[in-house]
Each structure stands twice: as structure tokens, then as C-alpha cells.
Amino acid sequence: MLSITSKLPAVGTTIFTTMSSLALEYNAVNLGQGFPDYPMSDRLISLVNEAMKKGYNQYTHMNGYLPLREAIAEKITGLYGLSVSPDREITVVPGGTYAIYTSLTAVLHPGDEVIVFQPCYDSYIPNIVANGAIPVQVPLQYPDYTINWQAVRQSITPRTKMIMLNSPNNPTGSVLREADIAALREIVKDTNIFILSDEVYEHLMFDHTPHQSMLRYPDLYERSFVCFSFGKTYNCTGWKIGYCVAPAKASAEFRKVHQFNCFSTDTPKQVALATFLKEKDEYLHLGKAMQQKRDLFLKLMRASRFKMHPSAGSYFVLGSYGHFSSEPEKDIAIRITKESGVATIPVSAFYTDGTDNKVLRFCFCKKDETLEKAAERLCKV
Ligand code: PMP
């Protein structure tokens, strides 16, 4: 048997797989994984069907179907006031995770350092490590999960190649504010540090707070890879289709990696999305609709013993339980799934060192009746 020296020796089965299997086994309401349990748009499904029937079933352009890239450019100008070239700055790829991995691979060399805030989406650290680079972890400040910019300044070395951002944030529901942008600008000014901005939840912003996209700020955009996911925008996480927006030179490097990894992305869905993306209401109303779900869930959870955190955006809200139990997060999450029939995710799963503040993540992009059933059960915990 040949042996492999693992590039990712620390990676094993994640808590997400464990919790999803448990949810199935115990017939629990699944507030664990981040996906909607309600249907996506019928019209978008019909548009895909139509594209297939019209014969859009072969490879499309490596960088993405041009009318879709044009529609994305138009959307970016409308939302963020930035003019980007569909030819040189937008690449359509199979999902947000792929966009992130490809950006990292385009830039990182062995020994480079990447500043990454924790808790974070679980692909970031393995993606950095697989490229031979070093994740430099800066914890978000508990309990607000804001960025400690002083800690960022102290973490910068001559080897710092990139800072990774994620707003709205998974798992915390925190978002970047104007003051964060000012601090970031000041830190990266006159450096060669890139920014990777994971903005897959760009439309899921609540309470009229504007989304602080890197695309709003030309001086930040010029050093950024900005990653998006149609799965999050259109309630179809299983589609795995997204895009990366980056200045021409950065996009050229991104495309070199993309070209020999995947080459081109699902054609009929791109054809459908090129039409659907022009229907602005379909994405402009999303924040309001998701906010109603957050509000419903938080109202129902008032009767529980959990102390709910604020959520300013994303699919997620956190709940603390340290005042009524000292059980580790993973143990209580498993126990609640088995005994109370609700699956959640322990926030410790989003830290490499397993930081345990006694907090669980609840996903609220679910039907109202799902949230009601889950909250009723959680109120008995
Ligand atoms: N970034 C974050 C923060 C996410 O939560 C997710 C999805 N869970 C992604 C990226 C990935 O999006 P996609 O499914 O399009 O790969």
C-alpha cells in the first residue's frame, strides 16, 4: 500500500457531517446546516429548463457566459457604484467555496501568511494550508464578534500576503461597519497585502444596514478578490455556482488556476441566471424577507433559556447557554439533537483551537413552521 503524506493532517470528519447524520437518525428539526428548507424560484427553474431545451448544453466560455458577466457588472454598478469589466474582472465559477480556494491558490506561495478571523467558515484554514501558506488567526472579540484591529496590526509581518474577510459573517451574523473599513484602509495602505472578501451573504443584511462590500471602495477593490454565490442569493445552495470579482491582473492569475481545475461552469444555469439577474426585486427583497425570519425566531426564542445574540446579516444567529449549563458545546449540541430533537452547530467547530464560549449556531433560513417547531422544542431545553 502506497502511503500519502497528508497535506491536511488535521482535517477529519467535521461536526457538520456528524450533526446532519444525527439529525436524520433522531428525526430532529435541522437548524444545523445553512440551507433553506423552502423551494427556490419556479421561474428560475423554468429558465434553466428553457435554456437546456434551446440547446445550451455544451461548454461555455471559460470565464463564464458573457451575458451573465454583463448582468453581474450591471448589478455591481447599481449596488456599489463601481464599474467593472465583464471581460477582465468577473469570472463565473462552481460556487463561492471554489472562488475562495482559487483566489488563495492564485496568490499564495509556501510560507506566506494569511490573516484569518475566527470563528470562520470551515474551508478557509484547510484552503490556506493546502497551498503551503500559514493561517495567522485573529479571534473576533467575544461576545460581539467584532474585529480587533489593534490585534490585526500586531499580527502583520513582512510575510503577510492577505487578509480574509467575511461579511455578513458565518457563523456569527456580525457585519463590517464603516469604522472597520476605515481601519482596514489604514492598515493596508502602502502595503502589498491582498484582501479576500467572502461576500456570499451580500443581500442578507438586516435593519437597513448597508453592506460594506469591497466593491464600494476603489482603493480596497484594487487589492481584492471578492467572492459571491448564487446558491445563497437564490435559495439553491445545491447549485454550486458563484463568481469572483477582482481587478484585471488579479483575475488573470485567478483564471490561470481556474482554467486547469474546472475550465468552465454549468452552462444552462448561467444562461438562466443572465435573464433572472436583471429582475432586481428578486435580490433586493431578500434582506427584508430573511429579517422577518430572524425576527420570528428571536421572538419565539424569548421563551427559552438561551441568551440570543444579535444578528445583523446572514442565515445565522447565535445563542449562549453558559448561564444554565457548563457542558461543552459539542456535547450539548449532540444531547439537544437526541433528547429535544433540534440539530444546531457548536461554534467551537469554527475555531481551529476549539474555543468554547458555550454558544450554539442556529440557522433560521427555514419555513416559519420549521422555526416554530424548533423553537417550541428549544424552549424545553
Ligand atoms: N462562504 C461562506 C461564509 C459560506 O457560509 C458558504 C456556504 N456555506 C460559502 C462561502 C460557500 O458557498 P457555495 O455553496 O457557493 O460554495
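The values are calculated or read from the model by the stated rules, or taken from the named source; none is laboratory data. Being a predicted model, the structure only gives us computed values, none of them experimental. No Cβ is skipped: glycine too gets one built from the backbone with ideal geometry, and neighbour counts run over all protein chains shown. Please note that ligands, DNA and RNA were not included when accessible areas were found on the heavy atoms of the full protein model with its side chains. Shrake-Rupley method; radii C 1.70, N 1.55, O 1.52, S 1.80 Å.
Restricting the search to segment 243-265, which residues are away from the ligand (no atom under 12 Å from the Cβ) and not in a helix (DSSP H, G or I)? Residues satisfying the conditions are Val245, Ala246, Pro247, Phe260, Asn261, Cys262, Phe263, Ser264.
Inspection of segment 361-375 finds a residue satisfying the criterion of being touching a residue at least 40 places away in the same chain (Cβ under 8 Å), at negative phi, in a loop (DSSP other than H, G, I, E, B) and more than 20 Å from the chain's Cα centre (by Cα).
Condition check for Thr91 on (1) open to solvent by less than 20 Å² (accessible area, probe 1.4 Å); (2) assigned to a loop (DSSP other than H, G, I, E, B); (3) farther than 22 Å from Val317 by Cα: one failure, at (2). The set of residues in segment 100-117 being open to solvent by 10 Å² or more (accessible area, probe 1.4 Å) and either under 18 Å from the mean Cα position of the chain (by Cα) or within 16 Å of the ligand (Cβ to nearest atom) (or both) consists of Tyr101, Thr105, Phe117. Within segment 110-128, the set of residues being closer than 18 Å to Asn261 by Cα and out of contact with any Pro (no Cβ under 6 Å at 6 or more places or on another chain) comprises Ser123, Pro126, Asn127. The number of residues in segment 13-59 that are more than 26 Å from the chain's Cα centre (by Cα) and surrounded by 20 or more Cβ atoms within 10 Å (Cβ to Cβ) comes to 1.
Residues are listed down the side, and each one gets a yes or a no for (1) within 16 Å of the ligand (Cβ to nearest atom); (2) assigned to a loop (DSSP other than H, G, I, E, B):
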{"residue": "Gly12", "(1), (2)": "no, yes"}
{"residue": "Phe16", "(1), (2)": "yes, no"}
{"residue": "Met19", "(1), (2)": "yes, no"}
{"residue": "Arg43", "(1), (2)": "no, no"}
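Only a single item in (1) open to solvent by 10 Å² or more (accessible area, probe 1.4 Å); (2) over 19 Å from Tyr38 (Cα atoms); (3) outside the structural domain of Asn63 (by TED's automatic domain parsing) is not met by Lys293, and it is number (2). Just to be sure, is Ala349 farther than 30 Å from His208 by Cβ, buried (at least 16 other Cβ atoms within 10 Å of the Cβ) and away from the ligand (no atom under 16 Å from the Cβ)? Against the criterion (farther than 30 Å from His208 by Cβ, buried (at least 16 other Cβ atoms within 10 Å of the Cβ) and away from the ligand (no atom under 16 Å from the Cβ)), Ala349 does not qualify. Here's a check for you: in segment 222-265, which residue that is among the charged types (D, E, K, R) and more than 14 Å from the chain's Cα centre (by Cα) is farthest from Lys75 (Cα to Cα)? Filtering first and then ranking leaves Lys256. Of all the criteria given as (1) assigned by TED's automatic domain parsing to the domain that holds Thr267; (2) open to solvent by 40 Å² or more (accessible area, probe 1.4 Å); (3) within 16 Å of the ligand (Cβ to nearest atom), the one not satisfied by Ser83 is (3). Only a single item in (1) more than 16 Å from the ligand (Cβ to nearest atom); (2) without any contact (Cβ under 8 Å) to a residue 60 or more places away in the chain; (3) surrounded by fewer than 20 Cβ atoms within 10 Å (Cβ to Cβ) is not met by Ser123, and it is number (1). Screening Thr97 with (1) open to solvent by 30 Å² or more (accessible area, probe 1.4 Å); (2) of a type in the set (Ser, Thr, Tyr); (3) away from the ligand (no atom under 14 Å from the Cβ) gives one miss only, at (3).
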